[in-house]
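In what follows, a structure is listed as structure tokens, so that the remarks can point back to it.
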Amino acid sequence: MENLRKYGNAPFNIAVIHGGPGAPGEMAPVARELSKSYGVLEPLQTKSTIKGQIEELKDVLANYGNPPIILIGYSWGAMLGFIYTAQNPSLVKKLILISSGVFEDKYAADIMKTRLSRLTEKEQQEVNMLSENLDNPNIRDKNTVFARLGEIILKSDSYEPLPSENEIIECQYHIYRQIWEEAESLRKSGRLLKLGKKIQCPVVAIHGDCDPHPIDGVKTPLSDVLKDFKFILLEKCGHHPWIEREAKDKFFNVLKKEIQ
């Protein structure tokens, strides 16, 4: 898999960073919409360590971007963008966090409980079965299991989703597992949040009120650590604002206003 897609025309002043980890391609709808007015890069993470993904991202943006760049990270990509910006403050003009993961461990405890509560009993049973299969060393095709789990979680993560195409190029469970274990350790130790003290640019967080990732897990910690921070709440919106019937238009209006 190549690690970059381009949208629009140079100069490329904006980059969108996908989540997962291990879900490359999911930010394509956002990149396409923004490319009507801007040159947009969509880096695709191929490395299985945080350090590797940071180095890969820096290389892509240095070779194809026009720094300082506006960095738009989604979910895990928001956290990756946060780390990248802390380590390379002069290279980022503005950091926009969409549906970010939480920044302190205490806020993460109920995320899966919230997701499961929004599913039918049959779907809950399938989630448990799929999770067990991911931990089973005898199951070889973990990517297919991971993809199916993602399909069910998408339902629980959404408020009122519009019909949409799954644009993930390839679900990569090995990347998800290795990166997320490292990220959880970074968050639990407090080192993730402390990185915010190194960020110099404005930071904007856009978050849905129905996102299972709790609002306070993003808003409260970042308000305490960042010098220039704004939090924007979208009503009737889940974890993927660009597919939400009630919030899609407002999401893109807010996003475009923040990158002007």
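If you go through the range 204-244 and keep only what is among the β-branched types (Val, Ile, Thr) and either under 19 Å from Ser117 (Cβ atoms) or outside any helix (DSSP H, G or I) (or both), you end up with Val204, Ile206, Ile215, Ile232.
Reported count of residues in the range 245-260, each being in a loop (DSSP other than H, G, I, E, B), modelled with pLDDT of 95 or more and farther than 13 Å from Ser99 by Cβ, is 2.
Against the definition (open to solvent by 30 Å² or more (accessible area, probe 1.4 Å), in contact with a Ser or Thr (Cβ under 7 Å, 6 or more places away or on another chain) and at pLDDT 95 or above), how does Gly19 come out, yes or no?
Details: open to solvent by 30 Å² or more (accessible area, probe 1.4 Å): no; in contact with a Ser or Thr (Cβ under 7 Å, 6 or more places away or on another chain): yes; at pLDDT 95 or above: yes.
Answer is no for this residue.
Within the range 149-165, the residues that satisfy the criterion of being assigned to a loop (DSSP other than H, G, I, E, B), in contact (Cβ under 8 Å) with a residue 40 or more places away in the chain and over 15 Å from Ser99 (Cα atoms) are Glu160, Leu162, Ser164. Only residues that are open to solvent by 60 Å² or more (accessible area, probe 1.4 Å) and either touching a Cys at 6+ places or on another chain (Cβ under 8 Å) or touching a residue at least 40 places away in the same chain (Cβ under 8 Å) (or both) were counted in the range 178-193, giving 4.
Let's see how each residue does on (1) more than 22 Å from Ile153 (Cβ to Cβ); (2) among the charged types (D, E, K, R); (3) free of Cβ contacts under 8 Å to residues at least 24 places away in the same chain:
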{"position": "Ala31", "(1), (2), (3)": "yes, no, no"}
{"position": "Ser37", "(1), (2), (3)": "yes, no, no"}
{"position": "Lys47", "(1), (2), (3)": "yes, yes, no"}
{"position": "Lys58", "(1), (2), (3)": "yes, yes, no"}
{"position": "Tyr64", "(1), (2), (3)": "yes, no, no"}
{"position": "Met79", "(1), (2), (3)": "no, no, no"}
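In the range 106-124, the qualifying residues are those that are hydroxyl-bearing (Ser, Thr, Tyr) and assigned to a helix (DSSP H, G or I), and the one that is surrounded by the most Cβ atoms within 10 Å (Cβ to Cβ) is Tyr107. Output the qualifying pairs, or none if there are none: Cβ atoms under 6 angstrom, residues six or more apart or on different chains, first residue in the range 125-148 and in contact (Cβ under 8 Å) with a residue 60 or more places away in the chain and assigned to a helix (DSSP H, G or I), second residue crowded, with 16+ Cβ neighbours inside 10 Å and of a type outside the set (Phe, Trp, Tyr). From the range 125-148, the pairs are Phe146/Cys171.
The single condition among (1) touching a Pro at 6+ places or on another chain (Cβ under 7 Å); (2) open to solvent by less than 20 Å² (accessible area, probe 1.4 Å); (3) part of a helix (DSSP H, G or I) that Val102 does not meet is (3).
Using the structure shown, decide if Ala31 is open to solvent by 10 Å² or more (accessible area, probe 1.4 Å) and of a type outside the set (Phe, Trp, Tyr). When the stated conditions are applied, Ala31 does not pass them. Screening the range 82-99 for residues that are open to solvent by less than 10 Å² (accessible area, probe 1.4 Å) and in contact with a Phe, Trp or Tyr (Cβ under 9 Å, 6 or more places away or on another chain) and picking the one that is nearest to Asn66 (Cα to Cα) gives Val92.
Here Ile111 fits the description: within 23 Å of Leu234 (Cβ to Cβ), of a type in the set (A, V, I, L, M, F, W, C), in contact (Cβ under 8 Å) with a residue 60 or more places away in the chain and touching a His at 6+ places or on another chain (Cβ under 7 Å).
The values are calculated or read from the model by the stated rules, or taken from the named source; none is laboratory data. Please read these numbers as outputs of a predicted model, since none were measured by experiment. Glycine also receives a Cβ, built like all others from the backbone with ideal geometry; neighbour counts cover every protein chain displayed. Protein only, heavy atoms only, side chains kept; ligands, DNA and RNA dropped before computing areas. Shrake-Rupley method; radii C 1.70, N 1.55, O 1.52, S 1.80 Å.
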